[in-house]
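The values are calculated or read from the model by the stated rules, or taken from the named source; none is laboratory data. Predicted model only: the values in this text are computed from it and were never measured. Here the Cβ positions follow ideal geometry from the backbone for every residue, glycine too, while neighbour counts run over all protein chains shown.
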Amino acid sequence: MKFLRDIFDKVKPNFEKGGKYEKLYYPFEAFETLMFTPKTTAPQKGAHIRDAVDLKRLMMTVIVALIPCLIFGIWNTGHQHFIAIGEEADFMTKFLFGSKYVLPIVVVSYASGLGVEFIFAIFRKHPVNEGFLVTGMLIPLIMPATIPLWQVAVATIFSVVMVKEVFGGTGMNILNPALTARAFLYFAYPSQISGDVWTVLGDKAQTVEGYSGATALSIAYESGTGENTSNLIQAYSSFWQPDMFSIKSMFIGTIPGSIGETSTLMVLIGAVILLATGVGSWRIMLSMVLGVAAMAIGLNIIGANEYMNLPFYYHFVIGGLAFAIVFMATDPVSAAQTFAGKWIYGFLAGVLTVIIRVLNPAYPEGVMLAILLMNVFAPLIDFYVVDANKKRRLKRATV
Amino acid sequence: MRAEKSTMSKIVRLKKGFDINLAGKAEKTLDKLDRTETFAIIPSNYPGLQRPKPSIEEGDTVKAGSELFFDKKNAHIRTTSPVSGEVVEIKRGDKRKLEYIKILADKEIQFKSFKENSVSDITNLDQEDIKKQLIESGLWVNLIQRPFGIIANPEDQPKAIFISGFDTHPLAADIGFTLKGQEKYFQAGISVLNKFASGTAHLGLSADSEVPSVFSQIKDIQVTKFSGPHPAGNVGVQIHHLDPINKGDVVWTIRPIAVVWIGRFFLEGKVDLRQTIALAGSEVKNPRYFETIAGASVKNFLEGNLENEHVRIISGNPLTGQRIDQDGYLGYYDNLISVLPEGDNYKFFLTEGWFSPQINRLSASRALLLFSFLNGKKKEYKLDTNMNGEERAFVQTGVFEKVVPMDLLPVYLLKAIMAEDYDEMEALGIYEVIEEDLALCEFVDVSKMDVQQIVRDGINLMLEA
């Protein structure tokens with residue numbers, strides 16, 4: 001790789017102080033450090049040796065953990081299409097069909113988000129942070145494949161500017177940027193994001209008779225709480241595609257939904273990667289699972305309507321809950337930062353998710369708002385954990 | 001003062017921390033060089049020193065124990081010469097700041113004579129007398145106070161004195177080996193120090209290895225054993241678990257070799273700073289121990305002993321030490337010279353950099369393709385000085401907490417320091433830490449911040465306030 005290094009060395013002076021493109025130093029630095037870890041050595045005093053880990057590797061770990069969800073999501077986009085039009089197709093056909101719709105969303109998300117990051121890096125003179133590499137992948141995975149590309153761009157730009165840069169950039173944000181992008185679309189353009197049909201139908205495709213693009217959550221809302229309530233599990237099994245909403249299908253993820261969140265199985269693979277590498281917080285994941293289970297079982301006991309009677313484990317396979325537990329709630333910046341705080345934060349996020357889902361089904365997917373709400377409360381939770389630490393110290397002094 | 005036999009009952013088990021097992025540990029053989037001919041006393045070694053003023057001039061001859069400089073702001077900080085010889089250079093830098101005093105040593109060391117005491121005399125000495133003699137002999141500077149890790153103030157009454165009898169830093173010199181045969185002096189030193197401790201004198205020993213002979217018969221001191229990874233050997237961690245420092249408290253700490261020096265001074269009436277030090281690190285040919293004197297030039301130790309020239313010489317250990325030149329000097333408080341490969345090369349991301357599999361570069365993290373956790377504890381690492389990444393915003397959480405075995409929240413403390421919020425610093429435990437206690441945070445930090453510098457900045461803020 002010497003030739004590449006030589007190229008960087010040759011052009012580098014142009015970007016350094018006094019160089020022709022001095023203003024573009026940080027974008028240049030971003031590319032240079034992407035290709036080469038710098039030759040910077042430890043300072044004269046202090047730790048002369050440093051851990052082999054860096055932020056790029058950490059972020060790449062999360063991206064790798066997302067890949068199973070992405071690949072499955074691409075395939076499932078095609079799969080849902082062919083079910084809807086009633087045609088058979090092989091794996092590759094479905095995958096290629098899905099790629100045609102999903103990859104542009106990924107590209108637009110990265111391009112618009114990184115564009116904003118670079119502009120801010122230039123004007124505010126700070127390095128381009130790697131955080132967006134993950135956000136840029138999370139955003140497409142929680143969008144329906146039918147989302148207009150311009151909305152992806154608008155939402156991404158909104159969230160990077162208003163959620164991250166306004167608060168001081170990476171590491172300073174209070175809300176999870178990816179979830180905010182989705183929440184933005186949810187409230188600004190509800191017709192696309194909460195629309196009934198998330199399945200790509202293609203141009204003139206005729207749907208098969210009886211077709212419904214309903215998601216598991218919208219069925220839960222309509223059959224579970226409306227006037228024509230029926231046993232939810234029966235409602236699932238009497239769907240026009242009888243096997244579509246079996247618990248097995250919902251676990252594997254062959255159901256309509258946002259691109260990357262349908263497959264609990266793929267999310268679990270991602271979870272294993274995050275937990276084995278220690279990059280994702282097990283405290284948050286576990287406590288949130290417990291929160292969901294506790295609240296759902298609690299509602300089972302009340303059992304005022306069919307949705308309340310839904311067995312608790314259904315919550316993990318319908319909607320984006322599993323994905324959100326593993327990839328959204330664990331965002332280290334917007335989550336609680338103390339160990340004790342993480343337990344509280346995760347548990348409450350789980351409880352709130354079920355409350356919003358079941359008791360206020362006007363918002364079918366409760367987890368998005370639950371996590372955003374808990375993001376806002378995370379500093380408060382940490383405040384009390386930190387305060388307890390201070391009090392222990394004070395108490396020790398007076399004893 | 002308690003005088004019972006030490007009790008070996010208490011063991012403190014620490015779980016948090018991280019051992020950095022580096023290649024090139026000193027083998028337990030003692031080498032003696034022909035005396036290194038130049039010695040230097042470097043004011044910046046002394047924590048809390050403010051305005052050093054030389055007491056001698058270039059060309060003066062001094063004895064071991066003759067005063068070299070004193071602090072105009074703190075009368076108790078006086079340093080004396082470790083050897084006898086001629087003052088060949090008094091080096092001043094910007095604004096006439098004293099940088100070092102260099103001494104060309106005699107072949108045979110002449111000692112300035114002080115009062116000799118028998119073991120029983122020592123028990124009859126009073127505190128004021130001891131203070132006076134320690135200050136006069138220049139040995140006072142070995143008493144480091146907590147909070148803040150600066151040279152102790154003789155006006156204070158410490159609530160306890162703490163000595164850590166083992167060192168868990170990477171490449172650390174084995175204290176049992178370096179103090180071999182010094183039992184008599186160590187015990188005498190303890191008797192002297194006991195005159196100060198209004199509470200107790202504590203000695204922390206490792207529960208994970210055998211008690212070194214120098215400590216096996218020790219009395220008049222409270223012995224506590226600590227088990228667990230680094231920083232179990234840090235005196236700050238030991239204080240935290242035995243008698244934590246609260247606002248207004250003062251605790252003194254001292255290194256074991258300095259206890260020996262003090263014991264020797266009172267018994268023999270001379271300032272004899274002989275000590276055993278380690279020369280270690282992956283770039284040293286035969287890492288081993290040497291007998292030398294504080295302030296020695298490292299040149300003679302390094303000559304012919306280096307694997308290559310592209311190295312970093314550190315006075316102290318690789319986690320907390322000070323980089324010095326190849327013709328630099330051993331720091332007054334150091335008993336180790338570490339030599340590491342300099343890591344000033346670019347690393348292509350796929351072959352060596354951030355997306356490459358790594359099994360030979362140590363990491364406390366198991367992030368993607370970092371496999372060092374599979375190696376087990378026995379594996380020795382050859383690590384260079386590369387930062388292994390760029391400084392970034394603070395993102396990852398829960399990492400620092402895992403390497404600090406104290407009930408404090410490192411991230412919040414560091415943020416309070418950066419915000420210069422005095423009340424928060426105090427409430428979050430600035431009194432309990434010095435740089436070395438959070439050095440592992442600096443090692444594991446994904447964002448590559450200079451954590452120890454931040455801690456020192458915080459301490460300086462508190463000192464100025």
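Here are the numbers for this structure:
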item: Residue list for region A:184-217, filter: modelled with pLDDT of 80 or more, part of a helix (DSSP H, G or I) and surrounded by fewer than 20 Cβ atoms within 10 Å (Cβ to Cβ); result: A:TYR186, A:PHE187, A:ALA188, A:PRO190
item: Complete set of residues in region B:298-315 that are surrounded by 14 or more Cβ atoms within 10 Å (Cβ to Cβ) and not basic (Lys, Arg); result: B:VAL298, B:ASN300, B:PHE301, B:LEU302, B:ASN305, B:LEU306, B:GLU307, B:VAL311, B:ILE313, B:ILE314, B:SER315
item: Unique match (being within 14 Å of another protein chain (Cβ to nearest Cβ) and either in contact (Cβ under 8 Å) with a residue 12 or more places away in the chain or not hydrophobic (A, V, I, L, M, F, W, C) (or both)) among A:ALA370, A:ALA335; result: A:ALA335
item: Residue check for B:ARG323: modelled with pLDDT of 95 or more and among the basic types (Lys, Arg); result: yes
item: Test: residue in region B:321-333 that is at the interface with chain A (Cβ under 7 Å from one of its Cβ atoms) and not in a strand (DSSP E or B); result: yes
item: Condition check for A:VAL160: free of Cβ contacts under 8 Å to residues at least 60 places away in the same chain, touching an Asp or Glu at 6+ places or on another chain (Cβ under 7 Å) and either in a helix (DSSP H, G or I) or under 23 Å from A:ILE85 (Cβ atoms) (or both); result: yes
item: Failed item, numbered, when B:MET418 is tested on (1) more than 8 Å from chain A (Cβ to nearest Cβ); (2) modelled with pLDDT under 95; result: (2)
item: Which listed residue is on the phi < 0 side of the Ramachandran plot, within 9 Å of chain A (Cβ to nearest Cβ), surrounded by fewer than 23 Cβ atoms within 10 Å (Cβ to Cβ) and out of contact with any Cys (no Cβ under 8 Å at 6 or more places or on another chain), from B:GLU432, B:GLU390; result: B:GLU390
item: Only listed residue being within 9 Å of another protein chain (Cβ to nearest Cβ), under 22 Å from B:ASN317 (Cα atoms), among the aromatic types (Phe, Trp, Tyr) and touching a residue at least 12 places away in the same chain (Cβ under 8 Å), chosen from B:TYR381, B:TYR412; result: B:TYR381
item: Search result, residues across region A:11-20 that are touching a Phe, Trp or Tyr at 6+ places or on another chain (Cβ under 9 Å) and either touching a residue at least 24 places away in the same chain (Cβ under 8 Å) or more than 16 Å from A:PRO127 (Cβ to Cβ) (or both); result: A:VAL11, A:ASN14, A:GLY19
item: Selection within region A:107-138 - among the aromatic types (Phe, Trp, Tyr) and at pLDDT 95 or above; result: A:TYR110
item: Unmet requirement for B:PRO357, which otherwise passes all of (1) in contact (Cβ under 8 Å) with a residue 24 or more places away in the chain; (2) more than 10 Å from chain A (Cβ to nearest Cβ); (3) over 24 Å from the mean Cα position of the chain (by Cα); (4) within 30 Å of A:GLU29 (Cα to Cα); result: (1)
item: Considering residues of region A:287-312 that are within 19 Å of A:VAL367 (Cα to Cα) and either β-branched (Val, Ile, Thr) or within 14 Å of another protein chain (Cβ to nearest Cβ) (or both) only, the residue farthest from the chain's Cα centre (by Cα); result: A:ILE297
item: Subset of region B:235-257 that is away from chain A (no Cβ under 14 Å) and part of a loop (DSSP other than H, G, I, E, B) - its residue that is nearest to B:GLU424 (Cα to Cα); result: B:ILE254
item: Condition broken by B:GLU303, with the remaining ones in (1) in contact (Cβ under 8 Å) with a residue 12 or more places away in the chain; (2) closer than 22 Å to B:PRO82 by Cβ satisfied; result: (1)
item: Residues of region B:150-167 classified as in contact with a strand residue (DSSP E or B) (Cβ under 8 Å, 6 or more places away or on another chain) and either closer than 23 Å to B:GLU291 by Cα or not in a strand (DSSP E or B) (or both), total; result: 9
item: Qualifying positions in region B:437-449 - surrounded by 18 or more Cβ atoms within 10 Å (Cβ to Cβ) and either in contact with a Phe, Trp or Tyr (Cβ under 9 Å, 6 or more places away or on another chain) or within 10 Å of chain A (Cβ to nearest Cβ) (or both); result: B:LEU438, B:ALA439, B:LEU440, B:CYS441, B:GLU442, B:PHE443, B:VAL444, B:ASP445, B:VAL446, B:SER447, B:LYS448
item: Selection status of B:LEU340, at the interface with chain A (Cβ under 7 Å from one of its Cβ atoms) and touching a strand residue (DSSP E or B) at 6+ places or on another chain (Cβ under 9 Å); result: yes
item: Residue list for region A:159-178, filter: within 16 Å of the chain's Cα centre (by Cα) and buried (at least 19 other Cβ atoms within 10 Å of the Cβ); result: A:SER159, A:VAL160, A:VAL163, A:LYS164, A:ASN173, A:LEU175, A:ASN176, A:PRO177, A:ALA178
item: Test: residue in region B:103-123 that is closer than 22 Å to B:ASN45 by Cα and touching a Lys or Arg at 6+ places or on another chain (Cβ under 7 Å); result: yes
item: Which numbered condition B:LEU461 fails, given (1) facing another protein chain (nearest Cβ under 10 Å); (2) surrounded by fewer than 19 Cβ atoms within 10 Å (Cβ to Cβ); result: (1)
item: Some residue of region B:208-220 being out of contact with any His (no Cβ under 9 Å at 6 or more places or on another chain), crowded, with 19+ Cβ neighbours inside 10 Å and under 23 Å from B:PHE18 (Cα atoms); result: no
item: Residue in region B:1-32 that is surrounded by the most Cβ atoms within 10 Å (Cβ to Cβ), counting only those that are among the acidic types (Asp, Glu) and modelled with pLDDT of 95 or more; result: B:ASP19
item: Test for A:ALA335: is it aliphatic (A, V, I, L, M), under 17 Å from the mean Cα position of the chain (by Cα), at pLDDT 95 or above and within 24 Å of A:LEU185 (Cβ to Cβ); result: yes
item: Elements of type helices (runs of 4 or more DSSP H) contained in region A:261-322, each with 2 or more residues being without any contact (Cβ under 8 Å) to a residue 40 or more places away in the chain; result: A:264-276, A:282-302
item: Qualifying residue in region A:49-56 (condition: within 14 Å of chain B (Cβ to nearest Cβ), of a type in the set (Lys, Arg) and part of a loop (DSSP other than H, G, I, E, B)); result: yes
item: Residue within region A:90-106 that is outside any loop (DSSP other than H, G, I, E, B), under 15 Å from the mean Cα position of the chain (by Cα) and among the hydrophobic types (A, V, I, L, M, F, W, C) present; result: yes
